[in-house]
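Have a look at the structure below, then the notes.
Where a number appears in this text, it was derived from the coordinates with a stated rule and is not lab data. Not measured: the values here are computed from a predicted model. Backbone-built Cβ (ideal geometry, glycine too); neighbour counts: all protein chains shown.
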Amino acid sequence: MPDTLLFAMEATLNGLTAGVMYALVALGFVLIFKASGIFNFAQGVMALFAALTLVGFQSGQIPFSHLINAIFGTRLHHFGWNMPTLLAIPATVAVMILLAILVERFILKHLINQEPIILFMATIGLAYFLEGVGDIMWGAEVKALDVGLPKGMSDTVDELTFNWFGYGFFIDRLEIWAAGIAAILVASLTIFSQYTKQGRALRAVADDHQAALSVGISLRFIWVLTWSIAGIVALVAGIMWGSKSGVQFSLSLIALKALPVLILGGFTSIPGAIVGGLIIGVGEKLFDFFMQPIVGGATENWFAYMLALVFLLFRPQGLFGEKIIERV
Amino acid sequence: MKMTKLAATVAATMMVSAPVLADTLHFPNLSYRTGPFAAGGIPFADGYADYFTLINERDGGIGGVPIRYTECETAYNTERGVECYQSVRGDSPLVLQPLSTGITYQLIPRTMEDGIPMHTMGYGRTSAVNGEVFNWTFNYPANYWDGASVIINYLLGENDGSLEDKKIVLLYHNSAYGREPIPTLTRLAERHGYELLTIGVDSPGQEQGSQWLQIRRERPDYVVMWGWGVMNPTAIQEAANIRFPMENFIGVWWSGSQQDVLPVGAGADGYKALAMHGTGMDYPIYDDLQQYVIEPGLYAGTGDEVGTVLYSRGMYAAMLAVEAAKVAQEIHGVANITPAMMRDGMANLEITEELMVELGLPNFGPAFSVACENHGGSGEAMIQQWDASAQEWNLITDWIAPDREMIMEMVMDDSLAFAAENDMTPACMN
């Protein structure tokens with residue numbers, strides 16, 4: 001088999017796993033947009049905040065210690081113990097649920113019946129607020145995140161492909177795990193929305209707010225529920241991306257990777273987020289592989305947007321999005 | 001009546017406060033403690049601030065005049081950096097330290113016009129070495145082209161003086177900063193016969209899957225990195241993932257701090273980087289910092305960055321600023337110097353090992369002297385290597401000199417082109 005074909009196959013395989021990482025971020029956007037029509041600009045910052053909180057709990061860091069020290073002249077930094085990961089993750093989930101309650105109580109409740117653009121602007125404000133709070137709460141230094149997930153080249157894939165093709169493919173074991181976790185996440189969300197009372201209520205609100213209200217579904221509860229689930233998805237994305245390159249403020253920029261995925265997959269479809277992520281992942285890796293010798297690389301950031309732009313021309317609602325028909 | 005009282009109070013306040021402002025030496029810092037590059041900006045700013053605090057607390061200022069230190073947040077954003085410049089330019093800033101090549105490029109013409117010196121230590125426009133063109137910009141003790149040349153000289157030493165048939169990849173931040181070493185490495189490739197492959201990474205650099213797949217395919221002998229922020233730990237992690245030998249992976253001095261290797265853990269063991277100054281806390285100056293700054297709680301930030309690589313760099317930058325201010329006071333015979341006088345101090349700065357010992361920093365930085373023809377110092381750097389088990393950087397070489405003859409040719413070409421573009425006649429100011 002020619003080397004170019006083998007390398008292209010390796011790039012495709014890596015694109016698929018990278019696409020899953022993008023889809024993990026996009027899922028959070030879809031959940032909130034589907035249930036409330038809000039494009040949550042703060043989703044990337046939520047991933048950062050969740051990861052910061054998880055590392056903070058794991059390392060026994062005292063929240064707001066820098067602020068406390070500055071005001072009271074103390075030298076508090078750590079509680080003196082480390083929290084096991086299995087305990088730190090539920091504790092972080094609790095913080096994300098608390099955040100969802102606060103967002104509903106102090107932002108969404110006051111913006112009922114407002115235009116989508118107003119709600120969007122509110123999430124921009126939330127993003128900046130949360131970034132600042134995360135900084136004051138946990139500090140801005142780079143933090144290593146280790147939840148026990150394996151990292152590095154998969155020997156199994158390497159050996160298997162070497163035996164088949166005479167060239168061992170590289171796949172990061174972390175990304176293989178991410179694919180498995182994303183599959184579990186999507187399956188759980190599907191089971192939750194199809195087979196639980198709250199899930200059905202959530203779907204009812206997504207379909208028609210007014211009708212859902214008329215049958216006694218609490219909109220405020222559904223919003224808390226939706227933002228809580230989005231918070232948990234943000235935590236999963238934060239763990240995956242944080243394990244790759246540490247937890248630091250660039251983590252919030254992963255949201256930029258989700259936008260083209262959403263344009264491709266549609267803002268209201270969970271399968272769309274997965275498929276969109278895979279298309280973007282494979283597309284950008286293959287484009288970079290073939291175009292790097294010509295343009296010198298660094299194509300990943302803009303290629304995803306170019307692809308989304310082309311898609312917008314032909315299918316503005318995305319692959320799986322609902323077609324918007326407005327009669328005049 | 002009320003207005004009269006108010007006016008009198010304002011006038012009195014101004015009379016009281018004005019002399020205080022005038023009798024201080026203003027050192028502003030265009031810092032970044034927020035945004036995606038905060039992890040690098042914070043320790044540098046802390047080190048810069050703490051050294052000035054030390055001078056105020058221990059020595060009562062410079063030549064008896066207290067230092068006034070201010071910060072303006074740029075978030076490593078060029079537009080905000082220019083806004084910060086606008087906000088400090090009327091407040092007698094003695095020297096600007098923007099810690100961003102992008103901001104530096106924007107400020108060079110502005111500082112030239114306003115007569116404000118700028119120190120871009122190990123970053124910025126490399127050809128600012130030529131003080132006949134860039135009268136107000138200084139980039140001692142080393143610049144990017146020096147760094148690139150030092151790495152190649154180190155690799156020559158490791159390969160019995162020949163890099164013939166070797167393949168070297170430059171993995172660079174796709175920005176003005178990251179592209180700076182390309183001309184030097186290209187010219188050195190022609191001279192030493194190695195193959196150079198340049199691979200860009202878009203900012204901030206969190207996603208480098210394609211780049212490292214390509215590196216794996218190309219099987220280079222060495223990878224040289226020009227990264228900043230999250231690009232560094234991501235690249236080191238990716239290198240560990242593909243099992244690239246870490247001892248053959250060398251970063252510039254902006255890719256060689258604790259923030260770059262700690263998130264990677266054991267995988268970063270053996271990674272190398274340039275060092276333009278010493279590392280660690282085994283220097284007498286830390287005793288003074290402990291006594292006058294840390295213990296009394298006067299430290300900047302959270303105080304937990306003391307002794308890290310970037311903290312040391314900020315402290316070193318402040319030390320060089322203070323020494324230049326002393327030279328300026330000596331030249332002009334006044335303690336309360338102006339930005340123009342500070343420029344003279346910087347242009348006549350001489351750092352000797354005796355002075356470094358006196359300052360509590362023996363063998364911390366290279367000895368160098370500044371002249372109109374050379375605003376760039378000696379250009380020397382060392383190589384440091386990360387020990388993941390001990391979690392510390394170890395210096396593994398002595399000072400390595402760059403190929404200054406070749407670099408000066410490039411400096412002259414670039415700086416004279418700048419002068420021609422801007423209708424300037426190159427000339428020394430002093």
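Using the alpha-carbon positions of chain B, Rg (one decimal) and Dmax (whole number) come out as 22.0, 87 Å.
Across chain A, the fraction of Cα-Cα pairs farther apart than 32 Å, rounded to a whole number, is 34%. Under 12 Å of direct C-alpha separation, and excluding same-chain neighbours fewer than eight residues apart, residue B:326 reaches these aspartates and glutamates: B:344, B:350. Only helices enter the 222 nm calculation for chain A: every DSSP H run of n ≥ 4 contributes -39,500 (n - 2.57), and dividing by all residues gives -24000 deg cm²/dmol, rounded to 500. Shown in residue order for the stretch A:300-311 are the 3J(HN,Hα) couplings computed by the Karplus curve 6.51 cos²θ - 1.76 cosθ + 1.60 at θ = phi - 60°: 4, 5, 8, 4, 4, 6, 4, 5, 5, 5, 4, 4 Hz (x for Gly and Pro).
Remark: spin-label model distance residue A:78-residue A:313 equals 5.6 nm, labels positioned 7 Å along the Cα→Cβ axis.
Rounded to the nearest Hz, the phi-derived 3J(HN,Hα) couplings of the stretch A:233-250 under the Karplus curve 6.51 cos²θ - 1.76 cosθ + 1.60 (θ = phi - 60°) are 4, 4, 5, 4, 4, x, 5, 5, 6, x, 5, 6, 9, x, 9, 7, 5, 5, where x marks glycine and proline. Split chain A at each of the GluC sites (Glu not before Pro) in a DSSP loop with at most 16 other beta carbon atoms within 10 Å, and the longest piece is A:1-321.
Pairs A:34/A:109; A:151/A:285; A:143/A:244; A:244/B:166; A:34/A:285: which exceed 22 Å Cα-Cα? Those over the limit are A:244/B:166; A:34/A:285. Sorting A:315, B:80, B:125 by the number of Cβ atoms found within 10 Å of their own Cβ, with the fewest placed first, yields A:315, B:80, B:125. Rounded to the nearest 500, the helix-only mean residue ellipticity at 222 nm of chain B stands at -13000 deg cm²/dmol, with each DSSP H run of n ≥ 4 adding -39,500 (n - 2.57).
Remark on residue B:198: its backbone amide H falls under 5 Å from those of B:170, a criterion applied only to residues 5 or more positions apart or on other chains, H modelled at 1.01 Å from N.
When B:68, B:219 are sorted by how many other C-beta atoms sit within 10 angstrom of their C-beta, beginning with the fewest, the order is B:219, B:68. Scaled to the globular estimate 2.2 N^0.38 Å, the Cα spread of the protein assembly as shown, given as radius of gyration, is 1.02.
Think of the stretch B:255-402 as a dipole: +1 on every Lys or Arg Cβ, -1 on every Asp or Glu Cβ, centred on the Cα centre; then among B:262, B:346, B:308, B:346 lies furthest on the positive end.
Shape class of the stretch B:100-214 from the Cα gyration tensor (axes a ≥ b ≥ c, square roots of the eigenvalues): oblate, since a/c reaches 1.5 or more and a/b does not exceed b/c.
Taken residue by residue and averaged, Cβ atoms of other chains lying within 10 Å of the Cβ of B:289-302 number 1.
The relative contact order of the stretch B:144-275 comes to 24 percent, based on Cα pairs under 8 Å that sit 6 or more residues apart. Tell me whether the stretch A:1-127 comes out rounded, prolate or oblate; compute the Cα gyration tensor, take square roots of the eigenvalues as a ≥ b ≥ c, and use a/c under 1.5 as the rounded threshold. Here the stretch A:1-127 falls in the oblate category.
Remark: spin-label model distance residue A:194-residue B:186 equals 5.8 nm, labels positioned 7 Å along the Cα→Cβ axis. Close amide H partners of residue B:251, meaning residues 5 or more places away or on another chain with modelled amide H under 5 Å apart, are B:225, B:272, B:273, B:274. Which of the aspartates and glutamates could a cross-linker span from residue A:257 if the Cα-Cα distance has to be under 17 Å and same-chain partners fewer than 8 positions apart are dropped? Straight-distance partners of residue A:257: A:175, A:284, A:288, A:300, B:202, B:207. Summarising the amide proton neighbourhood of residue B:29: residues at separation of 5 or more, or on other chains, whose placed amide H is nearer than 5 Å comprise B:70, B:71, B:72. In plain terms, the residue of B:84, B:72, B:428 with the fewest other Cβ atoms within 10 Å comes first and the most crowded comes last, giving B:428, B:72, B:84. Each residue of the stretch B:305-310 was assigned a 3J(HN,Hα) from its phi angle through the Karplus expression (A = 6.51, B = -1.76, C = 1.60, θ = phi - 60°), giving 9, 4, x, 6, 4, 6 Hz with x at Gly and Pro. What the Cβ-Cβ distance of residue B:392 and residue A:207 gives, at R0 = 56 Å and to the nearest 0.05, is a FRET efficiency of 0.40. Sorting the segments A:199-209, A:147-157 by their residues' average number of neighbouring beta-carbon atoms within 10 angstrom, most packed first, yields A:199-209, A:147-157.
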